[in-house]
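Since the structure comes first, as structure tokens, the remarks are kept for the end.
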Amino acid sequence: MSAPRVLVVDAERPDAAVIADAARVLHAGGLVAFPTETVYGLGGLALEASSIRRIYVAKGRPGTHPLIAHVLGEEDAKRVAKTWPPLASALAKAFWPGPLTLVLPKNDAVPVELTGGGGSVGIRAPMHPVARALLAATNAPIAAPSANAFQEVSPTRAAHVVKSLGGAVDLVLDGGACVHGIESTVVELGADGTLRVLRPGAIPIAALQAFGPVIYETLAPATDVTRASPGQDARHYAPKATLVVTARDAMPSATREGKRVGAIYLGNAGEIDAIVIRVLPADPKGYAALLFATLHDLDDAGCDVVLVEAPPDDAAWLAVRDRLARASH
Ligand code: TXA
Ligand code: MG
């Protein structure tokens, strides 16, 4: 696998010359991976069908899985949305820039390649200064799925992007680690004022409840998920190792004879015979920030099996439990 060009950028004050370079790559039809506050995105021009097709090829992702259009804010969102209801405006004012993706009917400027053939478009205004600088310099919406090959673990560091996509991406902007480490919450706005959560993520569902009735169905049967949000397959975010999520007490007995076992504990380490033992913070934000990077590390360490202490069963851990469930499916 060939290597992409990588340019280091300051996460707070990105160099204008580097950003201009990246914007030129995008306008020439190329792909630029860049940091967001959630995970690294694989960017291409959202309104150019040829750029979008390149994104699907680079990821090996089925063309029916829609991509998110990244914009600077509300004004820009109207370049891709057909309607901008008061509810969209209220959510944008509360959470943008930030990790909330709004799904609304698309307008005619949006190629069906972006939406996986459907009539709606996912829109989000990222907060990360590098993403914002790139959007400003490009002066166009940027399509960006997570910058990993289809079904692999999402990237929270530039090195993860290089490992997963190699030369399939033209340029990687290395802005360090992503703060949230887990993807945006994806919400479909119903004509009836409901908020349907298609993917739990960095914005907790509790924060959405002030804006209307929230509908969320946990890891529904594959057919339902496919209908609501193609791309939310049961198997997703999967490391090469087999992931087993289990109660702390059951972890030692779940180790496998002759296998290279890794273990992820919550809060503090337990007694276990494993080649790598990692401890993640016992709070959901801290845990989410490090989860994907830890899965990448355990893969790199050559683990065959990774045993994960099951996180608590409450709402604050929903997005983490969703990712673990899909990664272990
Ligand atoms: O945090 C994020 O959202 C990251 C960063 C790069 O912004 N992006 C990301 O994109 O996670 P991706 O493509 O890996 O995941 C997008 C999710 C998928 O589950 C997809 O099905 C859903 O959003 N989605 C996007 N547009 C949609 C639409 N029009 N209708 C239903 N679901 C949509
Ligand atoms: Mg993804």
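Throughout, read-outs are computed from the coordinates displayed, never taken from laboratory work. What you see is a predicted model, and the numbers here were worked out from it, not measured in a lab. Virtual Cβ from ideal backbone geometry, glycine too; neighbours counted across all protein chains shown.
Within segment 123-151, the residues that satisfy the criterion of being touching an Asp or Glu at 6+ places or on another chain (Cβ under 9 Å) and within 18 Å of residue 187 (Cβ to Cβ) are 123, 125, 126, 127, 146.
Candidates are the residues of segment 10-50 that are crowded, with 24+ Cβ neighbours inside 10 Å and hydroxyl-bearing (Ser, Thr, Tyr); the one that is farthest from ligand 1 (Cβ to nearest atom) is 40.
Annotation note: of 67, 31, the sole residue that is of a type in the set (A, V, I, L, M) and in contact with a Pro (Cβ under 6 Å, 6 or more places away or on another chain) is 67. Within the bounds of segment 147-155, is there any residue that is within 10 Å of ligand 1 (Cβ to nearest atom) and surrounded by fewer than 20 Cβ atoms within 10 Å (Cβ to Cβ)? Yes, some residue in segment 147-155 is within 10 Å of ligand 1 (Cβ to nearest atom) and surrounded by fewer than 20 Cβ atoms within 10 Å (Cβ to Cβ).
One residue is enough: does segment 78-100 have a residue meeting the conditions under 21 Å from residue 236 (Cα atoms) and touching a residue at least 24 places away in the same chain (Cβ under 8 Å)? Yes, some residue in segment 78-100 is under 21 Å from residue 236 (Cα atoms) and touching a residue at least 24 places away in the same chain (Cβ under 8 Å). Within segment 154-210, the only residue that satisfies the criterion of being within 15 Å of ligand 2 (Cβ to nearest atom), closer than 19 Å to residue 280 by Cβ and charged (D, E, K, R) is 183. Within segment 102-129, the set of residues being of a type in the set (Val, Ile, Thr) and touching a Ser or Thr at 6+ places or on another chain (Cβ under 8 Å) comprises 103, 121, 123. Residues of segment 101-144 that are assigned to a strand (DSSP E or B), touching a helix residue (DSSP H, G or I) at 6+ places or on another chain (Cβ under 8 Å) and farther than 21 Å from residue 10 by Cβ: 102, 104, 123, 143. Candidates in segment 170-199 are the residues that are hydrophobic (A, V, I, L, M, F, W, C) and within 12 Å of ligand 1 (Cβ to nearest atom); of these, the one that is nearest to residue 27 (Cα to Cα) is 178. Might you let me know whether segment 83-96 holds any residue that is surrounded by 15 or more Cβ atoms within 10 Å (Cβ to Cβ) and part of a strand (DSSP E or B)? No, segment 83-96 has no match at all.
Filtering 157, 124 for residues that are charged (D, E, K, R), within 19 Å of residue 22 (Cα to Cα) and under 18 Å from the mean Cα position of the chain (by Cα) leaves a single hit, 157.
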